[in-house]
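Q: What follows is a structure written as structure tokens; I'll ask about it next.
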Amino acid sequence: MPGREGQTFVLPNQTDVIADLFSTQEQRDGAKLEKVVDVPLSEIDDFPDHPFQVRQDDAMQSMVDSVKAVGIQTPALARLKENGRYELISGHRRKLAATLAGLETMPLIVRDLTRDEAIIAMVDANLQRETILPSEKALSYKMKLEALKRQGARTDLTSTPLAGKSKGVETAEIVGEAAGDSKDQVRRYVRLTELVPQLLEMVDTGKIAFRPAVELSYLAPEQQASLLITMETEEATPSLAQAQKMKQFAQNDKLNDAVVLSIMKEEKPNQVEQFKMPKAKISRFFPEGATLQQMEETIIRALELLQRQRDRQKDAR
């Protein structure tokens, strides 16, 4: 209806007004409480840029078998998006298990959260996993750091702003406290997000140690690519001292392919002498696509068999 000087006032919905008039405060408060609801899997979206991997391994198969037998016992956590769909915060493994088990719905706790609050809740929930890859911790720490910093800069959030609840405490310290890491360790993990995917995967598989990887994160992507080629040709990974030296050369704008090769050829402390053989000389004895590790294992087994034959020949004399 029109107001003064052309202003327009919108009357509240009549049904809502009547409901408010004839409901108690207890009933109104109860309507705001979290409830467990069964939601179709087709209406549940995964969390954007979810940093924690959901693997179809033996543990997942065990979960699928359990879901088939008794269903989803622990509700997942989600929030309702503006478009009416649900965004999963924690419970991605349960959702996959429900899908593989042939369920059509799964139970959700739907919580009213802002985007940044959802990020923080997602990270905190998943950091309780028994096994977390370095890349998962690195990406989740970075997401939570950025969300907390945005909270500290805003005053329109439903939760207490970061500045008010953490006065005198660094954001990295808050992030690390939930997972038992120091603020310096949090920063080291976040540095891993600067690694190219191939190097980050090597950290996950243990081919590159954590601390050398942190130093390598200061290399530009093209320098990291050069290092990857050198690592393959030399069949070696950089030590902490070598990684620190490459970082120093990079910061002085003096790191190139030749320098990377020179550093990687340096003998490492306590380095065990290695026997090397050109791959071209032995590749014809192996199936196409065989890795260096597979070749090495086959050669060792062959030599062990040869040694046993020699021992038997000695015993027969």
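Q: Give the order of Val37, Val190, Val70, Val196 when sorted by the count of other beta carbons within 10 angstrom, beginning with the fewest. Could you put the intermediate results ahead of the total?
A: Values: Val37 14, Val190 23, Val70 8, Val196 18.
So the ranking, lowest neighbour count to highest, is Val70, Val37, Val196, Val190.
Q: If you average the C-alpha positions of the stretch 194-239 and of the stretch 61-94 separately, how far apart do those two centres end up, in angstrom?
A: So the separation of the two Cα centres works out to 36 Å.
Q: With the Cα gyration tensor of the stretch 209-251 giving a ≥ b ≥ c as the square roots of its eigenvalues, does the rule (a/c under 1.5 for rounded; else a/b larger than b/c for prolate; else oblate) give rounded, prolate or oblate? Provide the component values of the computation, followed by the final result.
A: Numbers: a/c = 1.74, a/b = 1.18, b/c = 1.48.
Verdict is oblate for the stretch 209-251.
Q: For the residues Glu235, Glu177, what sequence is obtained by ranking on other C-beta atoms within 10 Å, fewest first? Working shown, then result.
A: Numbers: Glu235 11, Glu177 14.
Ascending Cβ contact count within 10 Å gives the list Glu235, Glu177.
Q: Mind giving me the FRET efficiency for Asp257 and Ser182? R0 is 45 Å, r the Cβ-Cβ distance, nearest 0.05 is fine. Numbers along the way, then the final one.
A: Values: r = 36 Å, r/R0 = 0.81.
It comes out at approximately 0.80.
Any read-out appearing in this document is the output of simple, stated calculations on the displayed coordinates, not a laboratory observation. Everything numeric in this text was worked out from a predicted model, so none of it was measured. Glycine also receives a Cβ, built like all others from the backbone with ideal geometry; neighbour counts cover every protein chain displayed.
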